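What follows is a set of notes on a single structure, which appears directly below.
The values are calculated or read from the model by the stated rules, or taken from the named source; none is laboratory data. As the structure is a computational prediction, the values presented were derived from the model and not from experiment. So basically every Cβ, Gly included, is an ideal-geometry build from the backbone, and we count neighbours across all protein chains shown. With ligands, DNA and RNA removed, areas are computed over all heavy atoms of the protein, side chains included. Shrake-Rupley method; radii C 1.70, N 1.55, O 1.52, S 1.80 Å.
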Amino acid sequence: MKDDLRPARLSPRDVLRVGAVGLRARRARVMLSALGIAIGIATMVAVVGLSESSRADLMARLDRLGTNLLSAEAGQDAMVQEIKLPRNAVAMVERIGPVRHATATADIDARIRRSDVVPEERTAGVTAQAVRTDLLPTLGGEVDKGTWLTPAGERLPTTVLGAVAAERLGITRTGETIMMNDTRVAVVGILAPLELVPNLDRVAMVGFPAAERYFGFDGHPTTVFERSTDASVADVRAVLARTISPGSEAGIRVSRPSDALAAKAATDEGLTNLMLGLGAVALLVGGVGVANTMVISVLERRQEIGLRRSLGATRGAIRLQFLTESLLLSALGGATGALLGAAATYGFARVQGWTVVVPPWSLAGGLAATLLIGVVAGLYPAIRASRLHPTVALNAT
């Protein structure tokens with residue numbers, strides 16, 4: 001008969017029911033404790049989701065703009081003297097086998113004003129550059145208003161403004177005129193923002209022939225742009241400087257404009273790690289709140305614990321009850337936080353026009369973290385509850 005006297009074991013369903021009793025009885029306290037967990041998880045899920053959504057949008061922009069654009073800019077030689085690129089630099093670059101398109105721009109000395117009544121020193125932060133007619137297709141740019149420079153227009157006093165330049169000059173439509181030095185120039189187009197070469201957004205562009213005729217341009221380009229096949233970018237980059245300026249290649253700065261967008265992705269990743277750290281701190285604070293709630297619950301429910309022990313509940317059953325309660329409390333906060341984080345990611349990404357990306361691992365990781373917090377936070381209260389002597393617990397007030 002002694003072998004038959006074994007403590008009854010609770011089924012998983014009964015364990016959940018017993019663990020939920022304490023949560024239902026103290027709903028306000030439970031909601032406040034779960035809120036701390038929810039804030040931490042929501043922060044972590046939203047940070048990861050927004051970072052991934054932003055990165056996905058950035059990568060899509062890079063794919064659209066292309067990463068095969070290289071630029072070569074004149075610098076200084078060993079004698080610290082400014083290097084001038086040869087007039088035929090574009091033709092020289094076009095002779096490189098994998099190169100598909102090549103073009104150039106050049107700085108010109110021209111003060112830009114809205115009208116002739118504006119003093120010459122007030123240039124509105126707009127500079128002037130001479131450009132070739134094949135610049136726009138090479139850079140993958142688009143005209144927002146008006147037209148791009150034509151073979152005929154590049155010889156006339158006409159200009160195309162970058163998006164920022166037009167805004168600073170107060171130009172909202174084509175057909176208006178601006179002053180470049182003492183020459184009145186007609187605005188024939190306004191460009192959409194150029195993501196790969198944003199410095200051209202603040203420039204008023206005229207054709208090479210017009211720059212030579214009206215502004216004393218000597219015909220030497222300042223920057224050469226080229227596009228090659230994706231597989232040959234590294235090879236072209238290796239020979240681009242010496243092709244443009246043999247013997248003075250050390251003074252030619254070769255760069256890939258898309259590297260700036262890639263660097264932005266790396267910066268965003270660093271910021272994401274920082275925000276994840278803040279979310280982890282919030283989650284830790286939430287875990288402390290859960291532990292505090294469970295300790296108070298044990299103190300308030302000593303008579304309940306004593307009664308269960310008197311009716312035959314083992315110490316293991318008491319530990320399991322309070323550990324389950326802690327897990328349920330953490331899971332409630334974790335599930336709420338995951339939903340809030342996903343909703344925040346969806347709303348913000350849609351407002352920004354990004355592709356919504358919520359990595360499944362962030363949701364799974366968030367829930368796993370809450371369960372771990374629940375175990376750690378509930379372990380001490382559960383052990384403390386199981387060690388209460390039935391007689392002492394029943395006499396507690």
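Arg227 fails exactly one of the following numbered conditions: (1) basic (Lys, Arg); (2) within 38 Å of the chain's Cα centre (by Cα); (3) open to solvent by 50 Å² or more (accessible area, probe 1.4 Å). What is the number of that condition?
The failed condition is (3).
Please state which of the following conditions Val203 fails to meet, knowing it meets all the rest: (1) surrounded by fewer than 22 Cβ atoms within 10 Å (Cβ to Cβ); (2) within 28 Å of the chain's Cα centre (by Cα).
Evaluating Val203 over (1) surrounded by fewer than 22 Cβ atoms within 10 Å (Cβ to Cβ); (2) within 28 Å of the chain's Cα centre (by Cα) leaves (1) as the failure.
Which residues, taken from the stretch 183-197, are without any contact (Cβ under 8 Å) to a residue 60 or more places away in the chain and either outside any strand (DSSP E or B) or within 30 Å of the chain's Cα centre (by Cα) (or both)?
Ile190, Leu191, Ala192, Pro193, Leu194
Modelled with pLDDT under 70, part of a helix (DSSP H, G or I) and either surrounded by 13 or more Cβ atoms within 10 Å (Cβ to Cβ) or among the charged types (D, E, K, R) (or both) - does that describe any residue in the stretch 25-44?
yes
Can you list residue pairs whose Cβ atoms sit under 6 Å apart, with the first residue in the stretch 96-115 being more than 16 Å from Asn181 (Cβ to Cβ) and touching a residue at least 40 places away in the same chain (Cβ under 8 Å) and the second being open to solvent by 20 Å² or more (accessible area, probe 1.4 Å) and among the charged types (D, E, K, R)? Count only pairs 6 or more apart in sequence or on different chains.
Arg100/Arg227; His101/Arg227; Ala102/Glu94; Thr103/Arg132; Thr103/Asp134; Ala104/Arg132
Right, Glu142: open to solvent by 40 Å² or more (accessible area, probe 1.4 Å), in contact with a Lys or Arg (Cβ under 9 Å, 6 or more places away or on another chain) and either among the charged types (D, E, K, R) or modelled with pLDDT under 90 (or both) or not?
Taking the combined requirement at face value, the residue does not satisfy it.
Report, by residue number, each residue of the stretch 216-269 that is at pLDDT 90 or above and of a type in the set (Val, Ile, Thr).
Thr222, Thr223, Val224
Condition (residue is at pLDDT below 90 and open to solvent by 20 Å² or more (accessible area, probe 1.4 Å)) applied to the stretch 206-215: is it met by at least one residue?
No, every residue in the stretch 206-215 fails to be at pLDDT below 90 and open to solvent by 20 Å² or more (accessible area, probe 1.4 Å).
Return the residues of the stretch 147-162 that are more than 16 Å from Thr105 (Cβ to Cβ) and crowded, with 18+ Cβ neighbours inside 10 Å; say none if nothing qualifies.
Selection gives Gly153, Leu156, Thr158.
Do we find a residue being open to solvent by 50 Å² or more (accessible area, probe 1.4 Å), within 22 Å of Arg315 (Cα to Cα) and part of a loop (DSSP other than H, G, I, E, B) anywhere in the stretch 350-368?
No, the stretch 350-368 contains no residue that is open to solvent by 50 Å² or more (accessible area, probe 1.4 Å), within 22 Å of Arg315 (Cα to Cα) and part of a loop (DSSP other than H, G, I, E, B).
Suppose we filter Leu339, Leu329, Leu320 for residues that are open to solvent by 60 Å² or more (accessible area, probe 1.4 Å), modelled with pLDDT of 80 or more and part of a helix (DSSP H, G or I); which single one remains?
Leu339
What pairs come out if I take residues in the stretch 29-42 that are of a type in the set (Ser, Thr, Tyr) and pair them with residues that are part of a helix (DSSP H, G or I) and open to solvent by 10 Å² or more (accessible area, probe 1.4 Å) whose C-beta lies under 7 Å away, six or more apart or interchain?
Cβ pairs passing all conditions: Ser33/Gly289; Ser33/Thr293.
Of the residues in the stretch 107-138, how many are over 13 Å from Leu169 (Cβ atoms), surrounded by fewer than 22 Cβ atoms within 10 Å (Cβ to Cβ), over 32 Å from the mean Cα position of the chain (by Cα) and not polar (S, T, N, Q)?
Residues flagged as over 13 Å from Leu169 (Cβ atoms), surrounded by fewer than 22 Cβ atoms within 10 Å (Cβ to Cβ), over 32 Å from the mean Cα position of the chain (by Cα) and not polar (S, T, N, Q) within the stretch 107-138 amount to 9.
Quick check on my filter: what residues within the stretch 52-80 are open to solvent by less than 10 Å² (accessible area, probe 1.4 Å) and at pLDDT below 80?
Leu58, Gly75
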